[in-house]
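J.: Got a structure for you, questions after.
Since every read-out is calculated from the coordinates, none of them should be taken as a lab result. Remember, predicted model here, so these are calculated numbers, not experimental data. No Cβ is skipped: glycine too gets one built from the backbone with ideal geometry, and neighbour counts run over all protein chains shown.
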């Protein structure tokens, strides 16, 4: 039997932030125990940003987050802005640099340095980390009645591991993450534990994940990266557009733009009954009318050119060939000749509105984040304390909060973890 004042379940990004915050505020007055089911901590963090760890983003705002109630994140983001999170990391030994797009990274560009800094700060603050502790059950001991007056036990939460070990704690913070990337430790453990305590979870879906599509067009371009604008269409209506790098793969679409749209595709497919397409604009530099006239003039200048080379130089050569064939339906070996306005319009439409039917998303192993989670209506947005069980807190990906690609999910992990840890420690001071 192990007794502690604050137990944090899950030693990922949110869990470490929560444990450090609780220990800092406690200043040795309360014991903090960090529990991790795996033998190694931080495997998911080490893989973020391709190993460089995109810690946060200067453009953090409520609009960057998704779930049943995106506004739930507002108090946490107000308390912990991007600047405040970067200050926190500077304090524990990891100065940050920012990119023009707002992404913030450790100056050393190593996720391992971030993991080391968190581990060392936790040790300095007296946090005890216990790995290989797989919580299988959470029990809440009822108050003892003394002359009809409830006398609350000091440590009401009992965490029971699969091997029979038990931890008793006064405050419990669940920071277990979600099932994305199970090969790196992702699981639905926290959702099951919180479910046993009365909290309901929404459907869990892969997010920041590659999109699968019908094969012919994308397979012919597999391995090619282009800059462009991708728009998710639901029953022909635009849902969201993203500009940046698009990577074609045998299965469909990858790259930052596609990853950004992956969560919305997951949610739409889960809803069902809708036709989903990705519209790709390969040449967003011009509007449709300007592009049409430009194509007419180009055909006049490039006399004798065939479809093989007509768009080369303006677009990636293979992309240009695929778009030309899809737009005009003529052989690539035939001379283009003079383009009349109607033909030029058809080709301009193909260049700026190539539509690819969406079939789904890649699975949990490829997903970087979980969409859906424990319903936020069961928690106080300012403290992240349960509205059902006093002394129970949660933070990070286990909640029904997922952010855009670009450092927003890690920001939520740090910020919500710091809020939960501070709240739990502060409640013991009351």
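J.: Starting from the Cα coordinates of the chain, work out the convex hull volume and express it per residue in Å³.
T.: On the way: hull volume 62.3 nm³, N = 430.
Considering the Cα atoms of the chain, their hull volume per residue is 145 Å³.
J.: Which of rounded, prolate, oblate describes the stretch 1-47, given a ≥ b ≥ c as roots of the alpha-carbon gyration tensor eigenvalues and a/c under 1.5 marking rounded, otherwise prolate only if a/b is larger than b/c? Provide the component values of the computation, followed by the final result.
T.: On the way: a/c = 3.53, a/b = 1.56, b/c = 2.26.
Since a/c reaches 1.5 but b/c is at least a/b, the shape of the stretch 1-47 is classed as oblate.
J.: What is the distance in Å between the Cα centroid of the stretch 240-302 and that of the stretch 151-210?
T.: 39
J.: Using alpha carbons only, how many degrees (0 to 90, rounded to 10) separate the axis of helix 288-301 from the longest principal axis of the chain?
T.: It is inclined by approximately 40 degrees.
J.: What percent does the relative contact order of the stretch 232-344 come to when contacts are Cα pairs within less than 8 Å and at least six residues apart? The partial results should precede the final answer.
T.: Values: 115 pairs, mean separation 24.9, N = 113.
Contact order relative to length: 22 percent.
J.: Roughly what % of Cα-Cα distances in the stretch 278-418 sit above 22 Å, to the whole percent? Let's see the in-between values first.
T.: Values: 5615 of 9870 pairs.
Everything past 22 Å amounts to 57 percent.
J.: To the nearest 10 degrees, how steeply does helix 341-352 sit against the main Cα axis of the chain, on a 0 to 90 scale?
T.: On a 0 to 90 degree scale, this one is about 20.
J.: Relative to the longest principal axis of the C-alpha atoms of the chain, give the angle of the C-alpha long axis of helix 111-124, reported between 0 and 90° and rounded to the nearest 10°.
T.: 10
J.: Here is a follow-up. Per q in 0.17 Å⁻¹, report the Debye log10 I(q)/I(0) for the stretch 210-362, using one uniform scatterer on each alpha carbon and no solvent.
T.: Here the Debye-derived log intensity ratios amount to -0.93.
J.: Treat the count of other C-beta atoms within 10 Å as a stand-in for reagent exposure and order 328, 120 from fewest to most.
T.: On the way: 328 19, 120 12.
Starting with the residue having the fewest Cβ neighbours, the order is 120, 328.
J.: Taking the Cα atoms of the stretch 1-129, report the difference between the largest and smallest coordinate on each principal axis, in whole Å and largest first.
T.: Extents along the principal axes: 49, 34, 27 Å.
J.: Next question. Given just the C-alpha atoms of the stretch 198-246, how large is their convex hull per residue in cubic angstrom? Walk me through the numbers on the way to the answer.
T.: Working: hull volume 6.9 nm³, N = 49.
It is 140 Å³ per residue.
J.: Right, another one. Which order, highest average first, do 343-352, 121-130, 4-13 follow once you tally other Cβ atoms within 10 Å for each residue and take the mean per peptide?
T.: Details: 343-352: 20.9, 121-130: 17.9, 4-13: 28.4.
Result, highest mean first: 4-13, 343-352, 121-130.
J.: Over the chain, calculate the relative contact order: mean separation of alpha carbon pairs under 8 Å at least 6 apart, over the residue count, as a percent. It would help to have the intermediate numbers written out before the result.
T.: Numbers: 991 pairs, mean separation 103.0, N = 430.
Relative CO of the chain lands at 24 percent.
J.: Per residue of the chain, what 222 nm ellipticity follows from adding -39500 (n - 2.57) for every DSSP H run with n ≥ 4, rounded to the nearest 500? Numbers along the way, then the final one.
T.: Values: 12 runs with 140 residues, N = 430.
It comes out at -10000 deg cm²/dmol, rounded to the nearest 500.
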